[in-house]
Amino acid sequence: MILIVDDNPENIFSLKKILELNQFRVDAASSGEEALKKILKNSYSLIILDVQMPGMDGFEVAEAITGYSKSKHIPIIFLSAVNTEKRFITKGYSSGAIDYITKPFDPDILLLKVKTFVRLQEQAAELKAIHKTLQEEIEYRKQAEKELQQSVQELRLILESIQQIAFTTDAAGNIEFVNHHWYQYAFRKETLPETQPGQLSVAACLQQAIDSGKPLVSEIQIKPLAEDGYRFHLLSMTPVKQDGSIVKWVGILTDIHQQRMANHLLEQRVIERTRELQNANRELEASNHELQQFAYVASHDLKEPLRKIQVFSNLVRDKFLQDNKEAAAFMDRIIRSSERMTNLITDVLGYSELSITGAFAVTNLNAIIAEIMVDMELLISEKRAVIKVDDIPQLEVIPGQMRQVFQNILSNALKFSSKDGLPQVNITAEMIKDRSVTAAPSPTGAYCRICVADNGIGFNEVYLDRIFAIFQRLHSKEEYEGTGIGLAIVKKIVENHNGLLTAKSKEGEGSTFIIVLPVCQPRKSQNT
């Protein structure tokens, strides 16, 4: 913006129009005092100043302007119609003006001078800004270089104090600094430690890090000067960056020889121990198979004398003890005990047979449950029980074992029903994503959660683990019949199917048994 200072409004008006027609922004002041106030508030690229003014004349105003630090570089053109003598022109230049124009003047010449001085002022301002920026950049670089030198010095002090071999290189990989541990493996700073022939060298690792521009960690073997063998070390190369560019690399060689030897020894022992365990597992499998066969044969052979005890006890009671009530009562006890013994042997036989894996097949569990309900029809009618079954997806299971699962759970639900109400059993199923009893439902899940809920006598969940243990009972055999094996069989079958089993219950409020089974059984690897 250009400032015109003149006490004559006509002069201001004519100059202002000439300049505005040539795209200059113009401001005006009618006195020297007003001009000085405006200069303090605004920035001007040129001042056109009249010499002859009341109060402060143009020379005094120019001297005041050049005395301000803010305005001393603003170019001043004197414009006068009266003071045209040489002494006035000389005084104008000495007071700080860059030109002195007398009236009458040629407007075109004035415009050329204005354009020239304005352009020079703008260029000077740009040069000043560039100079300031360069100064700031120089100061920044000096400070950055100082900080880098401090950082390098601190880094060297740190590297000198650590127990590992440490070194630094420039961006191209030339070694600049090594700590004292370096000389246990190399005679000179410039010489890299000797590595195992045919294996990765320190130079190769360094070049690999430089090529990638990323940190590198590699295991190498280097030879101490005082020993014949090579020791395992872990080499790490870390870049040091400044302004986004890598300026240095820091290398650390950590001795891991003892750990490496210990790991090798441990690996050998693990291999030997694994081999021993595999042999022991084969022997255990053979022993378990023999034990299963023995349990099966023993249970089967024990049934035969029990059947004779039951048959002949019934004959003795019916033929010879009709008139002896006391003896008949004793005989009834013998018969009931033999029946319990038969049931126990049958359950033990069934439990032992579960270890012999059957054939998995995609099975309709609804059909199996329907068959069980037909077999239990008399008991269901006697108890007047209501059993509701939702649609259960087809799963890959062993059909016979699944029959045992639902038969045992439904039998328990009817056996432990409340005496105050009619038994109700609800069987529901839903697909879930994860192998968890609390997993969220998912129509495309890989598992199925089956819940069997009843309104029976329930149990205290403190005994949750106990109800699935073999031969464990929460009630005496006088209160409820049973051998204490049923739920143990259920648990073992579910585990054979890679599933989960648990229960929720409160005393007097019924129980809910939760079974999680995979839709498809995992395929075993063919590798041995």
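Annotations
- In region 220-265, residue modelled with the lowest pLDDT [restricted to those that are surrounded by fewer than 13 Cβ atoms within 10 Å (Cβ to Cβ) and in a strand (DSSP E or B)]: 241
- Restricted to region 1-94, the set of strands (runs of 3 or more DSSP E) holding at least 1 residues that are over 27 Å from residue 126 (Cβ atoms) and of a type in the set (Ser, Thr, Tyr) comprises 76-80.
- Residue check for residue 118: touching a Ser or Thr at 6+ places or on another chain (Cβ under 8 Å), touching a residue at least 60 places away in the same chain (Cβ under 8 Å) and closer than 30 Å to residue 129 by Cβ: yes
- Residue match in region 141-154 (condition: touching a Phe, Trp or Tyr at 6+ places or on another chain (Cβ under 9 Å) and either surrounded by 12 or more Cβ atoms within 10 Å (Cβ to Cβ) or part of a helix (DSSP H, G or I) (or both)): yes
- Count of region 31-53 residues which are farther than 12 Å from residue 3 by Cα and in contact with a Ser or Thr (Cβ under 7 Å, 6 or more places away or on another chain): 3
- When residue 434 is tested against (1) among the acidic types (Asp, Glu); (2) under 40 Å from the mean Cα position of the chain (by Cα); (3) modelled with pLDDT under 90, exactly one condition is not met: (3).
- Scanning region 383-428 for residues that are in a loop (DSSP other than H, G, I, E, B), farther than 29 Å from residue 443 by Cα and aliphatic (A, V, I, L, M) gives 385, 422.
- Per the conditions (1) surrounded by 14 or more Cβ atoms within 10 Å (Cβ to Cβ); (2) outside any helix (DSSP H, G or I); (3) modelled with pLDDT under 90, the sole criterion not satisfied by residue 331 is (2).
- Whether a residue is over 60 Å from the mean Cα position of the chain (by Cα), exposed (fewer than 13 other Cβ atoms within 10 Å of the Cβ) and not in a loop (DSSP other than H, G, I, E, B) was assessed, and residue 130 does not pass this test.
- Answer residue from region 53-65, given it is without any contact (Cβ under 8 Å) to a residue 40 or more places away in the chain and not aliphatic (A, V, I, L, M) and is farthest from residue 90 (Cα to Cα) among those: 55
- Some residue of region 127-148 being on the phi > 0 side of the Ramachandran plot and at pLDDT below 85: no
- Positions within region 189-238 being of a type in the set (D, E, K, R) and closer than 15 Å to residue 256 by Cβ, in sequence order: 219, 231
- Among residues of region 438-467, those that are surrounded by fewer than 16 Cβ atoms within 10 Å (Cβ to Cβ) and under 34 Å from the mean Cα position of the chain (by Cα), counted: 7
- Only a single item in (1) under 14 Å from residue 500 (Cβ atoms); (2) in contact (Cβ under 8 Å) with a residue 60 or more places away in the chain is not met by residue 434, and it is number (2).
The values are calculated or read from the model by the stated rules, or taken from the named source; none is laboratory data. Every value quoted in this text rests on a predicted model; they were computed, and no experiment measured them. Virtual Cβ from ideal backbone geometry, glycine too; neighbours counted across all protein chains shown.
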